[in-house]
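Trainee: Before anything else, here's the structure in question.
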Amino acid sequence: MTLRLLLGLISWVVMMPAVAQDKTLEGLNIGWAMADITPDRPVLIAGQFHARVSEGVHDPITATVLVIESVDGTESKQAIMVSCDFVAVSDGMRDASNIRGRVRDLVKSLAPEVQVEHIIMHATHTHSAPLVSELPVEEIYGLSLEMMSPENEVMSPQDYSEFAAKNIAEAIANAWHGRSKGGISFGLSKAVTGHNRLQALKDGRSLMYGSTDADGFSHIEGYESHDLNLLFTWDQKEKLTGVVVNTAVPSQVSEQSYLLSGDFWNEARHLFREKFGQQVHVLGQASAAGDQSPHLMWGSRAEERMQALMGFAAHVSEIEGMPRRQMIAHHLAQGTERILPYMRENIEWNPTFKHERAELLLSRRLLGEQDLLDAREAIDLYKPLYEKLLAEAKADPPITRKPRWHIPLTVNHAHYKRGLAVLERYELEQRQAQMLVEVQVIRMGDMVIATNPFELYLDYGIRMIARSPAVQTFIVQLAGSGTYLPTQRSIAGGAYGAVPASTIFGPEGGNELVEGTLKIIQKMWY
């Protein structure tokens, strides 16, 4: 062998991707990790119109990471899913340029081999978790943190976002570096976890929640799904290492709480480990559930009786809805346990693996003259109320030392800002009638996972599932900064999630999302 040929061979080996030199990584490689992203001091809690400053921690706020890599020769295909105990995942925390400590950028330095564009961060929509935002507190709530809570050092949303992003990025790197050969199996079970939260009245209007025992109640507006989509991961000895649990409900049982909590996913994680092994990770996903809720719209007394009979009510807790949380965790574990033996017998070690990230151009929901009139009316009503309360607090500082004094002020500010946002959107729509949104699609064997950034109404998810060529389709909402995406019938009813202030896109954008996502899925099969 000549010296030139020998040097060329050495150079080729050095430049080869690391994965190609390690034949032990051929096939599927799977890694799990969890990050504790519970703050060590008070934070603002997301999920309601009024500002809430946390008053303690009921259970940890976490992010669960699953890394799946498929290696074929020199090619590494990857999917990195991160389930976060948040109301929503901000694009800024994930990858925008206006925040310190972005997850994708941090992972680049911690694990350069990771294809960071394939990191999917999605929220379980826990209404008792820290607020993640790049916006100043004054812009969100209309007053400073110092005024809101003068006697406590409250972590700002920007500082919390930086803290959480760092921990999440480290967990992704740990899952990546700890990955090992494994297999997957997927299956469909059933679990009653959520219900449509909109009641349709006899006069044609719709309401979010409200009593259904009134004479004006006609029916529940939309469908609900009890599908439990499950993806199991296994090590080489066929030992269960984790479960992806996909259900059409947001985790907002304890949505009024001033204590930080991961909601029912906390109870689910504990119960899964108790049943299936302490090493088992649980990655929760909210399927299309923009019009769904864990709260009961009817039959609540029968449900509460069963919770008591099953012993859940006996567990005393300082947080709201604990028996309901335990019941949901029970349903999830029971549905998983029901199909586990069949999953163990159908493990795939080297399935077809494809992953595509795309930006879809969706049409905005165009506003009309009545929408502008309604917005101006809201501004005229709520802005003076907010300004009056703010002026009173500044003139009499002892007011700000009363517990939760800022609730009426921040509620009025929220309504005022919603009206203002509608006017600003109208101006934007004249220049930009469409907007790009990120979606990701992962195929593993005969199943597929499709993500979107919205609080997506269930009807759209059902349409994707019904037309997907995959044997089983997991829809994942809230994978990014998105608003509600309502249906035409819900817009006609006028309930909270369908009004202009709650939406950027409407049925036209929803149709485009469905068609665009299906086009990506179909390309993976045909």
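The values are calculated or read from the model by the stated rules, or taken from the named source; none is laboratory data. Please read these numbers as outputs of a predicted model, since none were measured by experiment. Here the Cβ positions follow ideal geometry from the backbone for every residue, glycine too, while neighbour counts run over all protein chains shown. Ligands, DNA and RNA are excluded from the accessible area calculation, which covers all protein heavy atoms including side chains. Shrake-Rupley method; radii C 1.70, N 1.55, O 1.52, S 1.80 Å.
Trainee: Taking the solvent-accessible surface of protein heavy atoms with a 1.4 Å probe, what is the per residue accessible area of the chain in Å²?
Mentor: 42
Trainee: With the convex hull built on the Cα atoms of the stretch 407-465, state its orientation-averaged projected area in nm².
Mentor: Approximately 6.8 nm², given one-decimal rounding.
Trainee: Ordering Glu75, Glu267, Glu369 by how much accessible area each has at a 1.4 Å probe, largest first, what is the list?
Mentor: Largest accessible area first, the residues go Glu369, Glu75, Glu267.
Trainee: Taking 0.36 nm per residue of separation and subtracting the Cα-Cα distance, what length does fully extending Ala358 through Lys402 add?
Mentor: Extra length from Ala358 to Lys402 when fully extended: 10.9 nm.
Trainee: Can you work out ³J(HN,Hα) from phi for every residue in the stretch 321-333, in order, using Karplus 6.51 cos²θ - 1.76 cosθ + 1.60 and θ = phi - 60°, giving whole Hz and x for Gly and Pro?
Mentor: Working through the residues one at a time gives x, 4, x, 5, 4, 5, 5, 5, 4, 4, 4, 5, 5 Hz.
Trainee: At a 1.4 Å probe radius, carbon and sulfur cover how many percent of the accessible area of the chain?
Mentor: The computed percentage sits at 54.
Trainee: Just name one of Thr126, Leu145, Ile491: the one whose Cα is farthest towards the positive end of the charge dipole of the chain (beta-carbon charges, Lys/Arg +1, Asp/Glu -1).
Mentor: Result: Thr126.
Trainee: May I pose another question? So, with +1 on the Cβ of K and R and -1 on the Cβ of D and E, and no other charges, what is the size of the charge dipole of the chain about its Cα centre, to the nearest 20 debye?
Mentor: 900
Trainee: Can I ask one more? Any idea what angle helix 157-177 forms with the longest principal axis of the chain, computed on alpha-carbon atoms, 0 to 90 degrees, nearest 10?
Mentor: Approximately 20 degrees, to the nearest ten.
Trainee: How large is the helix-only mean residue ellipticity at 222 nm for the chain, computed as the sum of -39500 (n - 2.57) over DSSP H runs with n ≥ 4, divided by its residue count, in deg cm²/dmol to the nearest 500?
Mentor: -11500 deg cm²/dmol
Trainee: Going toward the positive end of the dipole of the chain, with +1 on Lys and Arg Cβ and -1 on Asp and Glu Cβ, which of Gly299, Gly56, Thr241 do you reach last?
Mentor: Thr241
Trainee: Mind jotting down a quarter of the surface of the convex hull over the alpha carbons of the stretch 397-436, in square nanometres, one decimal?
Mentor: 4.4
Trainee: Separate question: Only one of the values [x] 39, 27, 25; [y] 74, 38, 22; [z] 42, 26, 22 was calculated from this structure for semi-axes √(5λ) of the Cα gyration tensor in Å; name its label.
Mentor: Read-out taken from this structure: [x].
Trainee: If one computes P(r) from the Cα atoms of the stretch 112-175, what percent of pairs lie at distances over 13 Å?
Mentor: 73
Trainee: Further, regarding this structure: Work out, step by step, the length gained on full extension between His226 and Trp349: first 0.36 nm times the residue separation, then minus their alpha carbon distance; give nm to one decimal.
Mentor: Contour length minus the Cα-Cα distance gives 41.4 nm.
Trainee: Let me make sure I get this right: for the stretch 347-499, a, b and c are the square roots of the gyration tensor eigenvalues over alpha carbons, sorted descending. Under 1.5 in a/c it's rounded, otherwise prolate if a/b > b/c, else oblate. Which is it?
Mentor: Here the stretch 347-499 falls in the prolate category.
Trainee: State, to one decimal in nm, how far the label point of Leu428 lies from the label point of Arg338, with both points 7 Å from Cα in the Cβ direction.
Mentor: For Leu428 paired with Arg338, the spin-label model returns 4.3 nm.
Trainee: Using amide H atoms built 1.01 Å from N in the peptide plane, name the residues 5+ places from Gly262, or on other chains, whose amide H lies under 5 Å from its own.
Mentor: When sequence neighbours closer than 5 places are left aside, the close amide H contacts are Asp59.
Trainee: In nm, to one decimal, how far is the His177 label point from the Val192 one, both placed 7 Å along Cα→Cβ?
Mentor: 4.7
Trainee: Hey, another quick one. Quick one: what are the phi-derived ³J(HN,Hα) couplings along the stretch 277-288, Karplus 6.51/-1.76/1.60 with θ = phi - 60°, whole Hz, x for glycine and proline?
Mentor: Result, ordered by residue: x, 5, 7, 7, 8, 10, 10, x, 10, 8, 6, 4 Hz.
Trainee: What's the percent breakdown of Cα-Cα distances in the stretch 117-268 across 5 Å bins, shortest bin first?
Mentor: Spelled out per bin, shortest first, that is 2, 7, 9, 13, 15, 14, 13, 11, 8, 5, 2, 1, 0.
Trainee: Could I ask something else about it? Classify the stretch 234-286 from the C-alpha gyration tensor, please: rounded if a/c falls under 1.5, else prolate or oblate depending on whether a/b exceeds b/c.
Mentor: Cα axes put the stretch 234-286 in the prolate bin.
Trainee: Let me ask something else. If the cut-off is a Cα-Cα distance under 24 Å, which lysines reach Lys354, setting aside same-chain residues fewer than 8 apart in sequence?
Mentor: Hits, sequence-local ones excluded: Lys23, Lys77, Lys108, Lys181, Lys519, Lys523.
Trainee: While we're on this one: Below 10 angstrom from the Cβ of Asn266, what's the summed charge of the other residues (Lys, Arg +1; Asp, Glu -1)?
Mentor: -2
Trainee: Residues of the stretch 437-452 with backbone nitrogen within less than 17 Å of a virtual label 7 Å along the Cα-to-Cβ line of Glu117, please, listed as ranges.
Mentor: 437-443, 451
Trainee: In the chain, with Lys and Arg counted as +1 and Asp and Glu as -1 at Cβ, which of these residues, Ile172, Ala313, Pro397, has the Cα nearest the positive end of the dipole, that is, farthest along it?
Mentor: Result: Ile172.
Trainee: Under a point-charge model restricted to the Cβ atoms of Lys and Arg (+1) and Asp and Glu (-1), what is the dipole moment magnitude of the stretch 212-260 relative to its Cα centre, in debye to the nearest 20?
Mentor: That gives the stretch 212-260 a dipole magnitude of about 440 debye.
Trainee: Here's another thing I want to ask about it. For the pair Gln278 and Gln48, how long in nm is the line joining their label points, each one 7 Å along Cα→Cβ?
Mentor: Roughly 3.7 nm, to one decimal.
Trainee: Whole angstrom only: what separates the Cα centroid of the stretch 127-205 from the Cα centroid of the stretch 247-301?
Mentor: First find each Cα centre; the distance between them is then 13 Å.
Trainee: Please give the helix 3-15 orientation as an angle from the longest Cα principal axis of the chain, in degrees from 0 to 90, rounded to the nearest 10.
Mentor: Taking Cα atoms only, the helix is inclined about 30 degrees.
Trainee: State the extension gain, in nm to one decimal, for the chain segment bounded by Tyr526 and Glu304, taking 0.36 nm per residue of separation less the distance between their alpha-carbons.
Mentor: Going from the current span to full extension adds 75.0 nm.
Trainee: Let me test this: with uniform point scatterers at the alpha carbons of the stretch 289-388, what is the Debye-based log₁₀ I(q)/I(0) at q = 0.22, 0.23 1/Å?
Mentor: With one equal scatterer per Cα and no solvent, log10 I(q)/I(0) is -1.16, -1.22.
Trainee: Under the Karplus relation 6.51 cos²θ - 1.76 cosθ + 1.60, θ = phi - 60°, what is the ordered set of whole-Hz ³J(HN,Hα) values for the stretch 79-90, x standing for Gly and Pro?
Mentor: Those phi angles translate into 9, 10, 10, 10, 9, 10, 6, 10, 5, 8, 9, 6 Hz.
Trainee: Let me ask another. Rounded to the nearest 20 debye, what is the charge dipole size of the stretch 337-451 about its Cα centre when +1 sits on each Lys and Arg Cβ and -1 on each Asp and Glu Cβ?
Mentor: Dipole size: approximately 460 debye.
Trainee: Then there's this: Against the longest alpha carbon principal axis of the chain, how many degrees, from 0 to 90 and to the nearest 10, is the axis of helix 507-525 turned?
Mentor: Here the helix axis deviates by roughly 10 degrees.
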